[in-house]
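The values are calculated or read from the model by the stated rules, or taken from the named source; none is laboratory data. These numbers were taken from a predicted model, which means no experiment stands behind them. Using ideal geometry, Cβ is built from the backbone for each residue, glycine included, and neighbour counts are taken over all protein chains shown.
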Amino acid sequence: MTRKGTLRKSRPIDQAEAISKKTAESMGFEHLETAFEKEAAGVYLRIYLDREGGISLTDCENYHRAVQPLLEHIDYDFLEVCSAGIDRPIKNERDAQKAMGHEVEIKLFKPVDGSKSYIGTFLKLEDDVYHINTPEGNREFHRKDVALACRTVDLSVLDEAAAEHEEETT
């Protein structure tokens with residue numbers, strides 16, 4: 001109800017978020033985000049999920065089947081259910097806790113000491129300041145200066161696995 005006593009329609013994103021969050025909780029998933037994203041092909045309704053040990057393709061399929069009928073009254077072209085991924089942006093305290101002790105990359109809007117990108121071990125997010133340990137020492141970056149903060153992904157393990165597989169087959 002608004003102050004004048006009339007009913008106010010909730011926005012589609014609010015409706016989609018409420019439905020997606022309730023469905024995620026009922027299935028034992030952590031709901032991270034619900035977003036409408038306009039692309040050339042149309043409007044995507046993307047729902048990002050997580051859980052201890054990660055989200056599998058089967059988890060995404062099962063969730064999609066459960067939530068899609070509940071979202072039919074909302075206008076969108078495509079529904080995507082996604083794992084946020086290991087390299088998801090560090091936006092809040094929950095993300096910071098998961099990234100603590102791992103290697104992260106901080107990308108800045110403007111260069112600091114001649115660089116717009118810093119890689120180091122994530123220490124904490126405190127009072128809107130990212131704290132990382134780099135080879136040059138501890139660095140602090142204010143959230144307002146950070147374009148992106150996310151964990152790095154080490155793909156060298158794939159190269160090692162491919163090399164092992166090649167050795168086994170020869």
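Observations, loosely collected:
Rundown of residues vs (1) surrounded by 12 or more Cβ atoms within 10 Å (Cβ to Cβ); (2) of a type outside the set (Gly, Ala, Ser); (3) within 23 Å of the chain's Cα centre (by Cα); (4) at pLDDT 95 or above, yes/no style:
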position	(1), (2), (3), (4)
85	yes, no, yes, no
90	yes, yes, yes, no
93	no, yes, yes, no
107	yes, yes, yes, yes
148	yes, yes, yes, no
154	no, yes, yes, no
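- Of the residues examined, residue 49 is not one that is more than 24 Å from residue 155 (Cβ to Cβ) and surrounded by 13 or more Cβ atoms within 10 Å (Cβ to Cβ).
- Qualifying residues in region 129-146 (those that are within 18 Å of the chain's Cα centre (by Cα) and of a type outside the set (Ser, Thr, Tyr)) - the one nearest to residue 97 (Cα to Cα): 143
- Being within 23 Å of residue 88 (Cα to Cα) and at pLDDT 95 or above is a condition met by at least one residue of region 5-16.
- Any hit, region 112-119, residues being at pLDDT 95 or above, outside the structural domain of residue 56 (by TED's automatic domain parsing) and within 30 Å of residue 45 (Cβ to Cβ): no
- Qualifying position, being in a loop (DSSP other than H, G, I, E, B), of a type in the set (Gly, Ala, Ser) and under 30 Å from residue 141 (Cα atoms), among 85, 28: 85
- Scanning region 95-151 for residues that are of a type in the set (Asp, Glu) and assigned to a strand (DSSP E or B), we see that the one that is farthest from residue 48 (Cα to Cα) is 140.
- Residue tally, condition among the basic types (Lys, Arg) and closer than 13 Å to residue 84 by Cβ, over region 49-67: 1
- If you filter region 49-82 down to residues that are touching a Leu at 6+ places or on another chain (Cβ under 6 Å) and in a loop (DSSP other than H, G, I, E, B), you find that the one that is nearest to residue 127 (Cα to Cα) is 55.
- Test: residue in region 33-40 that is surrounded by 12 or more Cβ atoms within 10 Å (Cβ to Cβ), at pLDDT below 95 and more than 26 Å from residue 15 (Cα to Cα): no
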